[in-house]
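S.K.: The following block contains the structure, expressed as structure tokens.
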Amino acid sequence: QELELHLSGKLRFVPIGCRDIVPNLEETMEFAELIKTPRADNVILHRPFYPLVEGTLCLTGHHLIFSSRRQDNMEELWLLHSNIDSIEKRFLGSLGTIIIKCKDLRIIQLDIPGMEESLNIASSIEALSTLDSITLMYPFFYRPMFEVIEDGWHSFLPEQEFELLSSITNEWRLSYVNKDFSVCPSYPPIVTVPKSIDDESLCKVATFRHGGRFPVLSYYHKKNGMVMMRSSQPLTGTNGRRCKEDEKLINATLRAGKRGYIIDTRSLNIAQQARAKGGGFEQEAHYPQWRRIHKSIERYNILQESLIKLVEACNDQSHNMDRWLSKLEASNWLTHIKEILTTACLAAQCIDREGASVLVHGTEGTDSTLQVTSLAQIILDPRCRTIRGFEALVEREWLQAGHPFQLRCAQSAYSNSKQKWEAPVFLLFLDCVWQILRQFPCSFEFNYHFLIMLFEHSYASQFGTFLGNNENERCKLKLPQKTMSLWSWVNRPEELNRFKNPLFEANSLVIWPSVAPQSLQLWEGVFLRWNRSSKFLDESYEEMINIIKYNKELQVKVNMLRRQLAELETDDSTQDDGMPESP
């Protein structure tokens, strides 16, 4: 078995002696009362595409560990409890069966002899996979065995991003108005705003925007100086309340004589309903230089239901074509992909082709807004299509921007409890990126493994990067001091090589993806990887890498031979010049 992904701490086979995930004494003591039966022998493991394996099952505070008993090939399986979405129990006589459904969409089955052992193990897994306290989660106990070359917590600071901006324009400044998170609890301590707007004005604007999320810079387009801002909805209410500081702030982004576009990610009907609850949208009378466009992007439970239906369709083993197509259509997943990509393309088009600045918001500005602003940057900015540029984008537009990962990713497609706040918002974003990557396979430095890795870690991880709902919570939890950053692991050279796209050729152009229904496909790498073997896909990918490698070797030889030929031709001409003329 390959060792390459054992660091992720999810369901991986790892040769004994090669793992770096070791349960420490502190972890074992902390959860001792929750583990009724720490070990069971003669357990049978069922998993897709592999033969049955008999072995020993052990439970630690954060992992389910299965060790095979085969002398010819000793292996271990480690599964983070936090990666478990739900479990089902079945009994036949004294044999208990536990079916574990994971947040990464995998399903495994354990046959455990003994009724009492089965019940104890099942109840322990249920308790350990639903811990309420964030500080009891694995990132606070994880101790990496690899050498930390780069502290990922300091890799993408706002000051570093601002340095890039200030080298091309002096119209913006860093504001520390939110340094104690009192102005906007879901914003980072440092934000980029127009230089002409002071902090006192920002405080007034914050009281006029939902959750205090006043307009801040999301992206500066070097080509023409246009910008993309993001915020939450204005609190206009039914009385048509206005805020002159808010009007001044967003007008400060406009060039003389230019108009701007406000892209509202809600339908006009929903935006009007929001006014009755104190929210609303920008009135044309108060924002005459701005044209408002409504593009409906779904949220919350609608997206969660869509994911549940899609995964159910992918797991359907009936092999009935009509049933598969109708279930796929009923999930509406690809419709959501189309809506998000269409809105992102619109934002990018306004900036690049219309030469206009854009403000994007929905209701809170923490979900569909971030999908649109981040995808628009992937379309417009070649830097965001590199590995480090994409990491910086995730940090800037998702983590620092206050996407509530802890709430949205608490459960995946198999959970039995229906909470209000779960939604695969980040997964939809990654799926949209994959759609663009598939259409422009040479324009991205990273491959689809990189996107799948981010999906997995957003739901369950040994790293602290996706814990908490915003910078405020991460600061209170002291995550940079107490946990390891995902980027510290990913950006090690040996890991980076796995995520590099062998077809990559830097492309400085804007890329315009097709959003036609025929152009959008189901992301097999996520939704079908546990339902059918990827053996042939993996083999073809390896063959492609070998061909590209061989091609590069041949290119080096060609260049060397050309140099040698040029040198020989130079020598010949020199000799001809030195020869005496014949009489």
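S.K.: Suppose the filter is within 28 Å of Leu467 (Cα to Cα), loosely packed, with under 14 Cβ neighbours inside 10 Å and either at pLDDT 90 or above or of a type outside the set (Lys, Arg) (or both); does Ile149 pass it? Can you show your working first?
M.R.: Values: within 28 Å of Leu467 (Cα to Cα): yes; loosely packed, with under 14 Cβ neighbours inside 10 Å: yes; either at pLDDT 90 or above or of a type outside the set (Lys, Arg) (or both): yes.
Criteria met by Ile149.
S.K.: Shifting gears a bit: Regarding Tyr220, is this residue among the aromatic types (Phe, Trp, Tyr), touching a strand residue (DSSP E or B) at 6+ places or on another chain (Cβ under 6 Å) and within 19 Å of Ser357 (Cα to Cα)? Talk me through it step by step, then tell me what you get.
M.R.: Values: among the aromatic types (Phe, Trp, Tyr): yes; touching a strand residue (DSSP E or B) at 6+ places or on another chain (Cβ under 6 Å): yes; within 19 Å of Ser357 (Cα to Cα): yes.
So Tyr220 passes the test.
S.K.: Just need a number here: residues in region 344-360 that are assigned to a loop (DSSP other than H, G, I, E, B), open to solvent by less than 10 Å² (accessible area, probe 1.4 Å) and not hydrophobic (A, V, I, L, M, F, W, C). I'd like the intermediate steps shown before the answer.
M.R.: The initial filter retains those residues of region 344-360 that are assigned to a loop (DSSP other than H, G, I, E, B), namely 353-356.
Cutting the leftovers down to open to solvent by less than 10 Å² (accessible area, probe 1.4 Å) gives us 356.
Still in the running and not hydrophobic (A, V, I, L, M, F, W, C): none.
Going through region 344-360 one residue at a time, the tally reaches 0.
S.K.: Could I ask something else about it? Take Asp199 and tell me if it is buried (at least 18 other Cβ atoms within 10 Å of the Cβ) and modelled with pLDDT of 95 or more. Don't jump to the end; show me each part of the working.
M.R.: Numbers: buried (at least 18 other Cβ atoms within 10 Å of the Cβ): no; modelled with pLDDT of 95 or more: yes.
Against the criterion (buried (at least 18 other Cβ atoms within 10 Å of the Cβ) and modelled with pLDDT of 95 or more), Asp199 does not qualify.
S.K.: Filter region 262-291 down to the residues that are open to solvent by less than 10 Å² (accessible area, probe 1.4 Å) and in a helix (DSSP H, G or I) and list them by number.
M.R.: Across region 262-291, the qualifying residue is only Ala271.
S.K.: OK, next. Quickly run through region 392-448 and pick out the residues that are among the charged types (D, E, K, R) and under 25 Å from Phe499 (Cβ atoms). Full working, then the answer.
M.R.: First pass over region 392-448, keeping only residues among the charged types (D, E, K, R): 395-397, 408, 418, 420, 422, 431, 438, 445.
Answer for region 392-448, where residues must be among the charged types (D, E, K, R) and under 25 Å from Phe499 (Cβ atoms): Glu395, Arg396, Glu397, Arg408, Asp431, Arg438, Glu445.
S.K.: Taking Leu341, is it crowded, with 21+ Cβ neighbours inside 10 Å and closer than 19 Å to Ser519 by Cβ?
M.R.: Working: crowded, with 21+ Cβ neighbours inside 10 Å: yes; closer than 19 Å to Ser519 by Cβ: yes.
So Leu341 passes the test.
S.K.: Check region 292-302 and report whether any residue there is of a type outside the set (A, V, I, L, M), under 30 Å from Asp85 (Cβ atoms), in a helix (DSSP H, G or I) and open to solvent by 20 Å² or more (accessible area, probe 1.4 Å). Before you say what the answer is, go through the steps one by one.
M.R.: Let us first name the residues in region 292-302 that are of a type outside the set (A, V, I, L, M), namely 292, 294-296, 298-301.
If we keep only those that are under 30 Å from Asp85 (Cβ atoms) too, we end up with 296, 298-301.
Restricting the remaining residues to those that are in a helix (DSSP H, G or I) gives 300-301.
Those left that are additionally open to solvent by 20 Å² or more (accessible area, probe 1.4 Å): 300-301.
Yes, region 292-302 contains a residue that is of a type outside the set (A, V, I, L, M), under 30 Å from Asp85 (Cβ atoms), in a helix (DSSP H, G or I) and open to solvent by 20 Å² or more (accessible area, probe 1.4 Å).
S.K.: Sticking with this structure for a sec: Does region 534-571 hold any residues that are open to solvent by 100 Å² or more (accessible area, probe 1.4 Å), within 37 Å of the chain's Cα centre (by Cα) and over 18 Å from Asn501 (Cα atoms), and which are they?
M.R.: Within region 534-571, Lys535, Phe536 qualify.
S.K.: Now for a different question. For the condition crowded, with 16+ Cβ neighbours inside 10 Å and closer than 22 Å to Leu380 by Cα, what is the one hit in Pro234, Pro194?
M.R.: Values: Pro234 fails: closer than 22 Å to Leu380 by Cα.
It is Pro194.
S.K.: Looking only at residues in region 35-60 that are charged (D, E, K, R) and in contact with a strand residue (DSSP E or B) (Cβ under 8 Å, 6 or more places away or on another chain), which one is nearest to Arg106 (Cα to Cα)?
M.R.: Our first condition is that a residue be charged (D, E, K, R); within region 35-60, this holds for 36, 39, 41, 47, 54.
Still in the running and in contact with a strand residue (DSSP E or B) (Cβ under 8 Å, 6 or more places away or on another chain): 39, 41, 47, 54.
Values: Arg39: 23, Asp41: 23, Arg47: 9, Glu54: 20 Å.
So the residue we want is Arg47.
S.K.: I need the full set of residues from region 73-96 which are in a strand (DSSP E or B), out of contact with any helix residue (DSSP H, G or I) (no Cβ under 7 Å at 6 or more places or on another chain) and surrounded by fewer than 19 Cβ atoms within 10 Å (Cβ to Cβ), in order please. First the steps, then the outcome.
M.R.: Pass one, region 73-96, residues in a strand (DSSP E or B): 75-80, 84-92, 95-96.
This time we only want the ones that are out of contact with any helix residue (DSSP H, G or I) (no Cβ under 7 Å at 6 or more places or on another chain), so: 75-79, 85-86, 88, 90, 92, 95.
Hits for region 73-96 are Glu75, Glu88, Arg90, Leu92, Leu95.
S.K.: Let me ask you something else. Condition check: over 19 Å from the mean Cα position of the chain (by Cα), under 30 Å from Ile548 (Cβ atoms) and surrounded by fewer than 18 Cβ atoms within 10 Å (Cβ to Cβ). Does Ser514 satisfy that? Give the derivation first.
M.R.: Working: over 19 Å from the mean Cα position of the chain (by Cα): yes; under 30 Å from Ile548 (Cβ atoms): yes; surrounded by fewer than 18 Cβ atoms within 10 Å (Cβ to Cβ): yes.
Yes, satisfied.
S.K.: Taking region 422-474 as the search range and keeping residues that are out of contact with any Leu (no Cβ under 9 Å at 6 or more places or on another chain) and farther than 24 Å from Met484 by Cα, which one is most open to solvent (accessible area, probe 1.4 Å)?
M.R.: Only one residue fits best here, namely Arg438.
The values are calculated or read from the model by the stated rules, or taken from the named source; none is laboratory data. None of these values were measured; they are calculated from a predicted model. Using ideal geometry, Cβ is built from the backbone for each residue, glycine included, and neighbour counts are taken over all protein chains shown. Accessible surface areas use protein heavy atoms only, side chains included; no ligands, DNA or RNA. Shrake-Rupley method; radii C 1.70, N 1.55, O 1.52, S 1.80 Å.
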